[in-house]
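First comes the structure, then the notes that go with it.
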Amino acid sequence: MLDLPLDQISRTAILAAIFVAVLLLVMALGTLVGNRSAIRRRLEETQEGAPDAMAVSLRGNDTANAWSMLVDGIEKRGLSLVDSNSDKLRARLIAAGYTSSAAPKVFTLTRLLLTLGLPALLVFLSLTADEPPSLLKLYLFGSFSAIMGLYLPNLWISARAARRQQEIVNGFPDALDLMLVCVEAGLGLEAAFDRVGREMALSHPLVSQMVGSVVLELRAGRSREEALRRMADRVGVEEIRSFATLLIQSDKLGSSIGQTLRIYAAEMREKRRMRAEEKAHRLPVLLSIPLVACMLPVMIGVLMLPAAIRVVRELVPALTG
């Protein structure tokens, strides 16, 4: 670490911990209030007979987004925020839930700010200390903070995408069951998607959003095959990709969609049960690590302490004469 006094380091660590705790509390309260307001607005729209959220435009209203305005203002001043591999980056951001057209530029701006801001903050804290660190330490820690700022947004996007994919995989068997009921009741595939998206808006919102996007694309005139393939590409889950391929093949070959959905729904439920059993079987192995690390030294100390005391009582007088 840097050559800073111990009390200053502890004070800085305590202030940083308090800041992080307050920030997390504010974010949690904001999320809770936002969810409650969204539910209240949905109930009011339902009571007033307003159009459902499934009937919104495909483009949305991200033109008035503050991030878009910020990115446009920065690019107008001559700083280009276009990534060299924009297609792959956009696919990753869509899988993480950032569907705005300005999301790749905001991601690039965030990486740039963190890469330059973290070393600048480190240098500022070092210069304001009582004993400034050496140039070698300042260079090493500045390089490490710059690398962290460069890769932290990627880690955040990867973790968020993995969490969203896990939620979609967990809720998709329920959507398949509802879709099977709708198809067997006489609804077409588009109407079944629409109904499932409406019914799962509160229980599984990510699955509802995924299905709703397919309905909107079909209503906009896109073919069924292309809409299903785009859904699989957006989510990036192997189960959804297999489901889209299965529906496309059933549609082309003229086979029964109800039978296809019944078989695939049974397979998805079996996979979900196997994943739950796998997690349950991993618990004993994971619990053995804290047991060995925490309880084993204590047990060894309790068993060996009486023998060690007896050895000391016998050997110390003999060695001292």
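Some observations on this one:
- Available extension along the chain between LEU136 and ILE300 is 54.6 nm, counting 0.36 nm per residue and deducting the alpha carbon span.
- Over the stretch 82-199, Cα pairs under 8 Å with separation of 6+ residues give a relative contact order of 28 percent.
- Portion, in percent, of the accessible area of the stretch 178-225 that falls on carbon or sulfur, probe 1.4 Å: 53 percent
- Stretching the chain fully between GLU277 and MET69 yields a gain of 70.1 nm (0.36 nm per residue, less the alpha carbon separation).
- Dimensions of the stretch 222-321 based on its C-alpha atoms, expressed as ranges along the principal axes with the largest first, amount to 100, 24, 13 Å.
- Building the convex hull from the alpha-carbon atoms of the stretch 151-223 and averaging its projection over directions returns 5.8 nm².
- Taking Cβ atoms as reference points and 13 Å as the exclusive limit, the residues near ALA307 contribute a net charge of +1, counting Lys and Arg as +1 and Asp and Glu as -1.
- With the highest mean first, a sort of the peptides 106-116, 276-286 on other beta-carbon atoms found within 10 angstrom per residue produces 106-116, 276-286.
- Multiplying the residue separation of SER86 and ASN170 by 0.36 nm and removing their Cα-Cα distance gives an extension gain of 27.3 nm.
- Computed from the Cβ-Cβ distance with R0 of 51 Å, the FRET efficiency linking GLU199 to SER288 stands at 0.75.
- Under the convention that each Lys and Arg Cβ holds +1 and each Asp and Glu Cβ holds -1, the size of the dipole of the stretch 188-240 around its Cα centre is about 180 debye.
- Residues VAL311 and ALA159, FRET efficiency given R0 of 30 Å [Cβ-Cβ distance, rounded to 0.05]: 0.05
- Debye, to nearest 20: dipole size of the stretch 118-229, +1 on Lys, Arg Cβ, -1 on Asp, Glu Cβ: 240 debye
- Label positions at ALA120 and LEU23, each projected 7 Å from the Cα along the C-beta direction, are separated by 1.6 nm.
- Accessible area of the stretch 142-200 divided out per residue, in Å², using a probe of 1.4 angstrom: 48 Å²
The values are calculated or read from the model by the stated rules, or taken from the named source; none is laboratory data. Bear in mind the structure is a predicted one, so any value in this text is a computation, not a measurement. Neighbour counts run over all protein chains shown; Cβ positions are idealised from the backbone, glycine included. Just so you know, the surface numbers come from the protein's heavy atoms only, side chains and all, with ligands and any DNA or RNA stripped out. Shrake-Rupley method; radii C 1.70, N 1.55, O 1.52, S 1.80 Å.
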